[in-house]
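Okay, so here's the structure we're looking at.
The values are calculated or read from the model by the stated rules, or taken from the named source; none is laboratory data. Since this is a predicted model, take the numbers as computed values, not measurements. So basically every Cβ, Gly included, is an ideal-geometry build from the backbone, and we count neighbours across all protein chains shown. To get the accessible areas, we keep the full protein, side chains included, count just its heavy atoms, and leave off ligands, DNA and RNA. Shrake-Rupley method; radii C 1.70, N 1.55, O 1.52, S 1.80 Å.
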Amino acid sequence: MSGLIESDQAVSGATGPRRGLHVLLALAGALAFVGFVALGNWQLERLEWKRGLIERVESRVGSPAEEAPQRARWAAVNRQDDEYRHVAVAGEFLSELDTLVVAATELGSGYWVVTPLRRVDGDVVLINRGYIPQGVEPVPPPKGEVRISGLLRITEPGGSVLRDNDPMAGRWYSRDVAAIAAARGIEAAPYFIDAAANQAGSPGGAGPVGGLTVLRFHNNHLVYALTWYGLALMVVAAGVLVWRESRKVKKRGEPREPRGR
(Lines give C-alpha, C1' and ligand atoms only; values in the text may rest on other atoms or scores of the structure.)
Protein backbone atom coordinates (compact mmCIF):
# COMPACT_ATOMS: atom_id res chain seq x y z
CA MET A 1 0.00 0.00 0.00
CA SER A 2 2.78 2.41 0.89
CA GLY A 3 4.33 1.74 -2.53
CA LEU A 4 1.14 2.79 -4.28
CA ILE A 5 0.93 5.99 -2.25
CA GLU A 6 4.53 6.90 -3.12
CA SER A 7 3.83 6.20 -6.80
CA ASP A 8 0.76 8.47 -6.77
CA GLN A 9 2.77 11.27 -5.13
CA ALA A 10 5.54 10.98 -7.72
CA VAL A 11 3.07 11.16 -10.62
CA SER A 12 1.29 14.11 -8.99
CA GLY A 13 4.59 15.96 -8.48
CA ALA A 14 5.63 15.41 -12.07
CA THR A 15 2.23 16.42 -13.42
CA GLY A 16 2.32 19.95 -11.94
CA PRO A 17 5.42 21.28 -13.76
CA ARG A 18 4.44 19.44 -16.93
CA ARG A 19 0.98 21.02 -16.86
CA GLY A 20 2.53 24.48 -16.44
CA LEU A 21 4.81 23.86 -19.41
CA HIS A 22 1.83 22.81 -21.52
CA VAL A 23 -0.02 25.99 -20.58
CA LEU A 24 2.96 28.11 -21.62
CA LEU A 25 3.29 26.23 -24.90
CA ALA A 26 -0.42 26.67 -25.57
CA LEU A 27 -0.20 30.42 -24.96
CA ALA A 28 2.86 30.76 -27.17
CA GLY A 29 1.16 28.77 -29.91
CA ALA A 30 -2.01 30.86 -29.67
CA LEU A 31 -0.01 34.10 -29.91
CA ALA A 32 1.97 32.78 -32.89
CA PHE A 33 -1.23 31.67 -34.63
CA VAL A 34 -2.92 35.05 -34.13
CA GLY A 35 0.23 36.88 -35.25
CA PHE A 36 0.62 34.82 -38.44
CA VAL A 37 -3.06 35.24 -39.33
CA ALA A 38 -2.81 39.01 -38.76
CA LEU A 39 0.24 39.20 -41.04
CA GLY A 40 -1.61 37.20 -43.70
CA ASN A 41 -4.59 39.56 -43.48
CA TRP A 42 -2.26 42.57 -43.76
CA GLN A 43 -0.72 41.12 -46.92
CA LEU A 44 -4.19 40.70 -48.43
CA GLU A 45 -4.86 44.37 -47.68
CA ARG A 46 -1.56 45.25 -49.36
CA LEU A 47 -2.58 43.11 -52.32
CA GLU A 48 -5.75 45.14 -52.82
CA TRP A 49 -3.81 48.39 -52.44
CA LYS A 50 -1.18 47.28 -54.98
CA ARG A 51 -3.82 46.22 -57.49
CA GLY A 52 -5.50 49.61 -57.11
CA LEU A 53 -2.16 51.38 -57.61
CA ILE A 54 -1.40 49.40 -60.77
CA GLU A 55 -4.86 50.14 -62.18
CA ARG A 56 -4.50 53.86 -61.44
CA VAL A 57 -1.06 54.07 -63.00
CA GLU A 58 -2.08 52.19 -66.14
CA SER A 59 -5.13 54.41 -66.63
CA ARG A 60 -3.26 57.69 -66.05
CA VAL A 61 0.11 57.44 -67.77
CA GLY A 62 -1.40 56.91 -71.22
CA SER A 63 -3.88 59.77 -70.98
CA PRO A 64 -3.27 63.09 -72.77
CA ALA A 65 -1.29 65.59 -70.70
CA GLU A 66 -3.39 68.04 -68.70
CA GLU A 67 -2.25 71.25 -67.05
CA ALA A 68 -0.37 70.64 -63.80
CA PRO A 69 -2.35 71.75 -60.71
CA GLN A 70 -2.08 75.48 -60.06
CA ARG A 71 -1.84 77.17 -56.68
CA ALA A 72 -5.60 77.14 -56.09
CA ARG A 73 -5.51 73.32 -56.16
CA TRP A 74 -2.25 72.72 -54.31
CA ALA A 75 -3.94 71.95 -50.99
CA ALA A 76 -6.13 69.30 -52.63
CA VAL A 77 -3.33 67.40 -54.39
CA ASN A 78 -3.07 63.90 -52.94
CA ARG A 79 -1.60 60.50 -53.72
CA GLN A 80 -4.89 58.71 -54.34
CA ASP A 81 -6.28 61.16 -56.89
CA ASP A 82 -3.23 62.75 -58.49
CA GLU A 83 -0.07 60.65 -58.39
CA TYR A 84 1.15 59.45 -61.83
CA ARG A 85 -1.22 61.76 -63.68
CA HIS A 86 0.16 62.84 -67.06
CA VAL A 87 0.60 66.62 -66.73
CA ALA A 88 2.31 69.50 -68.51
CA VAL A 89 3.65 72.86 -67.40
CA ALA A 90 5.16 75.87 -69.17
CA GLY A 91 7.76 78.28 -67.80
CA GLU A 92 11.48 78.98 -67.41
CA PHE A 93 14.01 76.83 -65.57
CA LEU A 94 15.89 78.34 -62.64
CA SER A 95 19.07 76.58 -63.78
CA GLU A 96 21.26 77.89 -60.96
CA LEU A 97 19.14 75.99 -58.42
CA ASP A 98 19.78 72.37 -59.47
CA THR A 99 19.55 69.78 -56.68
CA LEU A 100 21.09 66.32 -57.02
CA VAL A 101 19.17 63.52 -55.32
CA VAL A 102 20.64 60.02 -54.93
CA ALA A 103 19.01 57.65 -57.41
CA ALA A 104 19.03 53.94 -58.24
CA THR A 105 17.63 53.30 -61.72
CA GLU A 106 17.66 50.71 -64.48
CA LEU A 107 20.68 52.59 -65.84
CA GLY A 108 22.60 52.24 -62.58
CA SER A 109 23.32 54.36 -59.51
CA GLY A 110 23.65 58.09 -59.75
CA TYR A 111 21.51 61.17 -59.19
CA TRP A 112 18.21 62.71 -60.14
CA VAL A 113 18.60 66.30 -61.34
CA VAL A 114 15.80 68.32 -59.75
CA THR A 115 15.44 71.86 -61.13
CA PRO A 116 12.80 74.47 -60.25
CA LEU A 117 10.69 75.80 -63.10
CA ARG A 118 8.98 79.18 -62.75
CA ARG A 119 5.60 79.00 -64.42
CA VAL A 120 4.17 81.75 -66.57
CA ASP A 121 1.95 82.78 -63.63
CA GLY A 122 5.00 83.07 -61.34
CA ASP A 123 4.51 79.91 -59.29
CA VAL A 124 7.32 77.35 -59.06
CA VAL A 125 7.22 73.60 -59.68
CA LEU A 126 10.15 71.24 -59.13
CA ILE A 127 11.01 69.23 -62.24
CA ASN A 128 12.95 65.99 -62.01
CA ARG A 129 14.81 66.45 -65.31
CA GLY A 130 16.18 62.91 -65.15
CA TYR A 131 19.10 60.71 -64.22
CA ILE A 132 22.85 61.25 -64.47
CA PRO A 133 25.58 58.75 -63.46
CA GLN A 134 27.92 59.45 -60.58
CA GLY A 135 30.77 61.76 -61.51
CA VAL A 136 28.88 63.39 -64.39
CA GLU A 137 27.90 67.05 -64.31
CA PRO A 138 24.30 67.74 -65.35
CA VAL A 139 23.79 69.55 -68.63
CA PRO A 140 22.18 72.94 -67.89
CA PRO A 141 18.55 73.27 -68.96
CA PRO A 142 17.70 75.50 -71.92
CA LYS A 143 17.08 79.19 -71.38
CA GLY A 144 13.78 80.83 -72.13
CA GLU A 145 10.28 79.46 -71.96
CA VAL A 146 9.81 75.70 -72.36
CA ARG A 147 6.92 73.30 -71.99
CA ILE A 148 7.55 70.14 -69.97
CA SER A 149 5.30 67.11 -69.79
CA GLY A 150 5.67 64.18 -67.45
CA LEU A 151 4.15 62.38 -64.49
CA LEU A 152 2.99 64.13 -61.34
CA ARG A 153 4.68 62.69 -58.27
CA ILE A 154 3.99 63.24 -54.58
CA THR A 155 6.71 64.62 -52.34
CA GLU A 156 9.03 62.14 -50.59
CA PRO A 157 9.65 63.69 -47.15
CA GLY A 158 12.48 62.83 -44.79
CA GLY A 159 14.89 60.80 -46.87
CA SER A 160 15.35 57.15 -47.68
CA VAL A 161 14.74 54.16 -45.43
CA LEU A 162 18.37 54.11 -44.31
CA ARG A 163 19.46 57.74 -44.57
CA ASP A 164 17.93 61.10 -43.75
CA ASN A 165 18.24 64.10 -46.02
CA ASP A 166 20.94 66.55 -44.89
CA PRO A 167 20.09 69.94 -46.43
CA MET A 168 22.97 71.72 -44.68
CA ALA A 169 25.50 69.37 -46.29
CA GLY A 170 23.62 69.24 -49.60
CA ARG A 171 23.04 65.49 -49.37
CA TRP A 172 19.64 64.38 -50.60
CA TYR A 173 18.29 60.84 -50.56
CA SER A 174 14.66 61.58 -51.48
CA ARG A 175 12.79 64.21 -53.44
CA ASP A 176 11.44 66.09 -50.46
CA VAL A 177 9.75 69.05 -52.14
CA ALA A 178 9.32 71.25 -49.07
CA ALA A 179 12.87 70.68 -47.81
CA ILE A 180 14.47 71.24 -51.23
CA ALA A 181 12.43 74.40 -51.79
CA ALA A 182 13.36 75.72 -48.33
CA ALA A 183 17.06 74.98 -48.94
CA ARG A 184 16.89 76.90 -52.23
CA GLY A 185 14.95 79.80 -50.70
CA ILE A 186 11.86 79.40 -52.88
CA GLU A 187 8.21 78.44 -52.48
CA ALA A 188 7.13 75.53 -54.65
CA ALA A 189 4.12 73.38 -55.43
CA PRO A 190 3.69 70.42 -53.02
CA TYR A 191 4.48 67.94 -55.81
CA PHE A 192 7.17 67.44 -58.42
CA ILE A 193 7.07 66.28 -62.04
CA ASP A 194 9.11 63.42 -63.48
CA ALA A 195 9.94 64.74 -66.94
CA ALA A 196 9.33 62.40 -69.86
CA ALA A 197 12.25 61.35 -72.04
CA ASN A 198 13.82 63.55 -74.73
CA GLN A 199 12.39 66.88 -73.67
CA ALA A 200 13.81 70.33 -73.10
CA GLY A 201 15.98 70.04 -70.01
CA SER A 202 16.08 66.26 -70.35
CA PRO A 203 17.91 65.65 -73.62
CA GLY A 204 19.30 62.17 -72.91
CA GLY A 205 22.83 61.23 -73.90
CA ALA A 206 25.24 63.03 -71.58
CA GLY A 207 22.46 65.07 -70.05
CA PRO A 208 19.79 64.02 -67.57
CA VAL A 209 17.87 61.02 -68.90
CA GLY A 210 14.16 61.45 -68.33
CA GLY A 211 11.34 58.96 -68.60
CA LEU A 212 12.72 56.55 -65.99
CA THR A 213 9.76 56.61 -63.59
CA VAL A 214 9.17 53.11 -62.23
CA LEU A 215 5.80 52.02 -63.59
CA ARG A 216 6.00 48.29 -62.96
CA PHE A 217 5.43 47.24 -59.39
CA HIS A 218 6.24 43.90 -57.82
CA ASN A 219 3.07 42.26 -56.58
CA ASN A 220 3.99 39.24 -54.45
CA HIS A 221 1.54 39.96 -51.64
CA LEU A 222 -0.63 36.91 -52.35
CA VAL A 223 2.41 34.65 -52.02
CA TYR A 224 3.35 36.35 -48.76
CA ALA A 225 -0.22 36.00 -47.44
CA LEU A 226 -0.31 32.28 -48.24
CA THR A 227 3.08 31.89 -46.52
CA TRP A 228 1.82 33.48 -43.31
CA TYR A 229 -1.40 31.46 -43.37
CA GLY A 230 0.66 28.31 -43.96
CA LEU A 231 2.75 29.09 -40.88
CA ALA A 232 -0.46 29.55 -38.88
CA LEU A 233 -1.64 26.09 -39.97
CA MET A 234 1.75 24.65 -38.99
CA VAL A 235 1.29 26.09 -35.49
CA VAL A 236 -2.09 24.37 -35.25
CA ALA A 237 -0.62 21.08 -36.47
CA ALA A 238 2.24 21.33 -33.98
CA GLY A 239 -0.25 22.01 -31.18
CA VAL A 240 -2.25 18.91 -32.09
CA LEU A 241 0.90 16.77 -32.06
CA VAL A 242 1.97 18.12 -28.67
CA TRP A 243 -1.51 17.49 -27.27
CA ARG A 244 -1.50 13.88 -28.51
CA GLU A 245 1.94 13.21 -27.06
CA SER A 246 0.93 14.69 -23.72
CA ARG A 247 -2.10 12.40 -23.66
CA LYS A 248 0.11 9.38 -24.30
CA VAL A 249 2.53 10.40 -21.55
CA LYS A 250 -0.35 10.95 -19.13
CA LYS A 251 -1.78 7.52 -19.82
CA ARG A 252 1.60 5.85 -19.30
CA GLY A 253 2.01 7.67 -16.00
CA GLU A 254 -1.40 6.75 -14.57
CA PRO A 255 -1.13 4.15 -11.71
CA ARG A 256 -2.64 0.78 -12.45
CA GLU A 257 -5.32 -0.72 -10.24
CA PRO A 258 -3.90 -3.53 -8.05
CA ARG A 259 -5.07 -6.98 -8.96
CA GLY A 260 -6.98 -8.95 -6.35
CA ARG A 261 -5.62 -12.23 -5.05
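What is the calculated FRET efficiency for residue 48 to residue 143, with r their C-beta to C-beta distance and R₀ = 45 Å, to the nearest 0.05?
Values: r = 47 Å, r/R0 = 1.05.
Step by step, r from the Cβ atoms, then E = 0.40.
Please give the FRET efficiency for residue 160 paired with residue 81, using the beta carbon to beta carbon distance and R0 = 22 Å, rounded to the nearest 0.05.
Working: r = 26 Å, r/R0 = 1.17.
Step by step, r from the Cβ atoms, then E = 0.30.
Please find the FRET efficiency linking residue 26 to residue 218, where r is the Cβ-Cβ separation and R0 is fixed at 41 Å, and quote it to the nearest 0.05. Write down the numbers at each step before the final one.
On the way: r = 38 Å, r/R0 = 0.92.
That pair, residue 26 with residue 218, gives E of 0.60.
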Under 5 Å between amide H atoms, partner at least 5 residues away or on a different chain: which partners does residue 105 have, H built in plane at 1.01 Å?
-> 110
Working out 0.36 nm times the residue gap between residue 60 and residue 107, then minus their Cα-Cα distance, what length gain in nm do you get to one decimal?
-> 14.5 nm
What nm distance separates the two modelled labels at residue 118 and residue 70, each placed 7 Å from Cα along Cα→Cβ?
-> 1.8 nm
Please calculate the 1.4 Å probe accessible area of residue 33, with all protein chains present, and give it to the nearest 10 Å².
-> 80 Å²
Per-bin percent of Cα-Cα distances, the stretch 52-159 [10 Å] | 13, 40, 38, 9
With θ set to phi - 60° and the Karplus curve 6.51 cos²θ - 1.76 cosθ + 1.60, what are the ³J(HN,Hα) couplings of the stretch 170-180 in order, to the nearest whole Hz, using x for Gly and Pro?
-> x, 10, 10, 10, 8, 8, 8, 4, 4, 5, 5
